[in-house]
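*Asks:* Below you will find the structure I want to go over with you.
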Amino acid sequence: MGAEEKFDVIVVGGGPAGLTAAYVMAKAGLQVVVLERGDYCGSKNMFGGIFFTNVLRELIPDFEKDAPLERVVTKRRWSLLTPDGEIGGGFKFSKFAQEPHNNSYTVLRAKFDKWFSEKVEEAGAMILTGCVVDGFLKDEKGKINGVKARMDDGDIYGDCIILADGVNSLLAKQLDMHRELAPESTIVGVKEVIEFPEEKIKDRFGLNDNEGVAYEYFGYAAKGAIGSGFIYTDKTSISVGVGGTIKSLMEHKLNPNDLLEWFKNHPAIRPLVNGGEQREYAAHLIPDGGYNRLSKLYKDNVLVVGDAAGFVNASLFHEGTNLAMMTGKIAGETVIKAKEANDFSEVMTARYEHRLRESSAMKDMKKFRHLAHVLDTTPQLFEKYPVIMEEFVRDMFTVDGESKNAKQMRLVMRLLRKENPISFALTGLKGRRVII
Amino acid sequence: MSKFTSMEDKLGLDKFTLFHQTHLKIKDGFKTGEAAKKLVNDKLFICPAKVYTLNEKDEVVVSFENCLECGTCRVAAPEAVEWEHPQGGHGIVYRLG
């Protein structure tokens, strides 16, 4: 790319955060280029999850017309897995099947992100795929004024750079805006997409039409390691996956694929995922460090958004893509203002953080700021307590002629012998604070 | 039981665009011997694509062509792994994601 060409903004990374930023800026008439290292946007992306579409709806109100959406999540379930059992609960609301569909869809990211990138192109941004960025360009005063892409004539100039290069964000680290990911607060997740006939999925999960489920599994879901598992229904496939913190999986000597095989064969999971045709195996990191490990969000000419900055809410709500889009939107709007003022220095980019602090994205990050630490320091939630819980509930419901009062008394006494009630209660309180 | 359970089978499901050069390197001091054994057995066994193995001479073998580019190895063993993105347009190509 010749030196004569200069963009207003370079967005590094074509995931939900980067594409959202590019979309709002292109709509406002800025010259935007998105640099995506994959063959197409989405080709490096995967998630286990629900795509929450509240921000997307603001950008593209009629996205439901042609976006590759799989199913509307009307049914959610949270379970505590034990080594061979399950204690769970959840909801199914038919109201969520109606507009606006609770802004909760299952999607397959390779298809969805690609669709979104086409919308961004239509909005006027340029998208360069197959373009990996290795570093920054600086002017004679040391001000960042572009990026170095690993290609011939790879110097690309721009007034402002939005780093949306995902969880590993080597670029934010190069600028010392982000500390290295920590093994105890970074989750490696793996998943498989298994194809089934549509009718089979509807029957197996009790679904009407385009309704879908999100089943999430805690407790012993990662074979005693700190982690969780999931099942989501797509149109004609099931996404099943499991993840754990890198530290804990190393300590438990668990390879993620072996763990996934174990999870798929758990007595509570197997009947739901058994059979079908396996279509894809994928792995990805999740930045689980929360509020306390967010990157620095801005500096002169640079803003950091989405996973690159650490915006994931790994509590029960499992939000990420919507936080990515929210940060991308606010970053994009900030840069539009900066362009109006023709000032891309910290004076202007700092507005990004100020506005984020008022947003639900940041408020939620703050609310759950203790999550990673609590999980890391409470391994009993994943190994010991699920077993105790199962014994308690199973005995309570065992039919053997013993009176309920006698049962209760016996179980409480046994529980007290196994676990100090004060530490049990404190762990419960600590756990609650990070869950809802 | 799933049809495909082994690592080889799983990776066979995926599409890769191969690049001739590795984007993953083991730093000096970890390539062979006890350090290599320790690295693979204590840490890098965690790679979801089992990219890192030991050969009979206790050298680390890096099957970079199987890499899913997740970054687990760089977080698990930053002291030993030199990690960068593969060449643009190469590596894993998720079709579903």
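The values are calculated or read from the model by the stated rules, or taken from the named source; none is laboratory data. Quantities reported herein were computed from a predicted structural model and do not represent experimental measurements. Cβ sites come from the backbone with ideal geometry, for glycine too, and all protein chains shown count toward neighbours.
*Asks:* Within region A:227-251, which residues are at the interface with another protein chain (Cβ under 8 Å from one of its Cβ atoms) and either in contact with a Ser or Thr (Cβ under 6 Å, 6 or more places away or on another chain) or crowded, with 24+ Cβ neighbours inside 10 Å (or both)?
*Replies:* Here is the first cut: in region A:227-251, the ones at the interface with another protein chain (Cβ under 8 Å from one of its Cβ atoms) are A:237, A:246, A:249-250.
Listed by number, the residues that qualify are A:SER237, A:ILE246, A:LEU249.
*Asks:* Considering only region A:178-204, state which residues are more than 8 Å from every other protein chain (Cβ to nearest Cβ), touching a strand residue (DSSP E or B) at 6+ places or on another chain (Cβ under 6 Å) and under 21 Å from B:GLY71 (Cβ atoms).
*Replies:* Residues satisfying the conditions are A:GLU184, A:ILE187, A:GLY189, A:LYS191.
*Asks:* Just the residues that are out of contact with any Phe, Trp or Tyr (no Cβ under 6 Å at 6 or more places or on another chain), under 20 Å from B:GLU84 (Cβ atoms) and either outside any strand (DSSP E or B) or modelled with pLDDT under 95 (or both), please, taken from region A:26-45.
*Replies:* A:GLU36, A:ARG37, A:GLY38, A:ASP39, A:LYS44, A:ASN45
*Asks:* Please go through region B:75-92 and give me each residue that is farther than 16 Å from B:HIS20 by Cα and within 7 Å of another protein chain (Cβ to nearest Cβ), ordered by number.
*Replies:* Passing the criteria: B:VAL75, B:ALA76, B:PRO78.
*Asks:* Hey, any hits in region A:288-298 for a residue that's of a type outside the set (Gly, Ala, Ser), over 30 Å from A:ALA28 (Cα atoms) and surrounded by fewer than 17 Cβ atoms within 10 Å (Cβ to Cβ)?
*Replies:* Pass one, region A:288-298, residues of a type outside the set (Gly, Ala, Ser): A:288, A:291-294, A:296-298.
If we keep only those that are over 30 Å from A:ALA28 (Cα atoms) too, we end up with A:288, A:291-293.
Subset that is surrounded by fewer than 17 Cβ atoms within 10 Å (Cβ to Cβ): A:292.
Scanning region A:288-298 turns up at least one residue that is of a type outside the set (Gly, Ala, Ser), over 30 Å from A:ALA28 (Cα atoms) and surrounded by fewer than 17 Cβ atoms within 10 Å (Cβ to Cβ).
*Asks:* Tell me whether region A:62-79 contains one or more residues that are modelled with pLDDT of 95 or more, among the hydroxyl-bearing types (Ser, Thr, Tyr) and in a loop (DSSP other than H, G, I, E, B).
*Replies:* No, the conditions are met nowhere in region A:62-79.
*Asks:* Scan region B:51-62 and give yes if some residue there is of a type in the set (Ser, Thr, Tyr), facing chain A (nearest Cβ under 8 Å) and crowded, with 24+ Cβ neighbours inside 10 Å, otherwise no.
*Replies:* The answer is no, given that none of the residues of region B:51-62 is of a type in the set (Ser, Thr, Tyr), facing chain A (nearest Cβ under 8 Å) and crowded, with 24+ Cβ neighbours inside 10 Å.
*Asks:* Got a sec? Which strands (runs of 3 or more DSSP E) wholly within region B:15-97 have at least 3 residues that are within 19 Å of A:HIS284 (Cβ to Cβ)?
*Replies:* B:15-17, B:91-93
*Asks:* Considering only residues that are within 14 Å of chain B (Cβ to nearest Cβ) and over 18 Å from A:GLU58 (Cα atoms), look in region A:85-112 and name the one that is surrounded by the most Cβ atoms within 10 Å (Cβ to Cβ).
*Replies:* This residue is A:LEU108.
*Asks:* Still on this structure: If I filter region A:141-177 down to residues being more than 21 Å from A:LEU297 (Cβ to Cβ) and within 14 Å of another protein chain (Cβ to nearest Cβ), which single residue comes out as surrounded by the fewest Cβ atoms within 10 Å (Cβ to Cβ)?
*Replies:* A:ASP152
*Asks:* Could you pull out the residue among A:LYS235, A:LYS138 that is over 30 Å from A:VAL302 (Cβ atoms) and of a type in the set (Lys, Arg)?
*Replies:* A:LYS235
*Asks:* Within region A:46-61, can you find the residues that are assigned to a loop (DSSP other than H, G, I, E, B) and either modelled with pLDDT under 95 or within 14 Å of chain B (Cβ to nearest Cβ) (or both)? Lay out the reasoning, then the answer.
*Replies:* In the first step, residues of region A:46-61 are kept if they are assigned to a loop (DSSP other than H, G, I, E, B); the result is A:46-49, A:53, A:60-61.
Of everything in region A:46-61, those that are assigned to a loop (DSSP other than H, G, I, E, B) and either modelled with pLDDT under 95 or within 14 Å of chain B (Cβ to nearest Cβ) (or both) turn out to be A:MET46, A:PHE47, A:GLY48, A:GLY49.
*Asks:* Looking only at residues that are in a helix (DSSP H, G or I) and more than 10 Å from every other protein chain (Cβ to nearest Cβ) in region A:252-267, which one is surrounded by the fewest Cβ atoms within 10 Å (Cβ to Cβ)?
*Replies:* Of region A:252-267, the ones in a helix (DSSP H, G or I) are A:256-264.
Going one step further and asking which of them are more than 10 Å from every other protein chain (Cβ to nearest Cβ), we end up with A:262-263.
Numbers: A:TRP262: 15, A:PHE263: 26.
Looking at residues that are in a helix (DSSP H, G or I) and more than 10 Å from every other protein chain (Cβ to nearest Cβ), I get A:TRP262.
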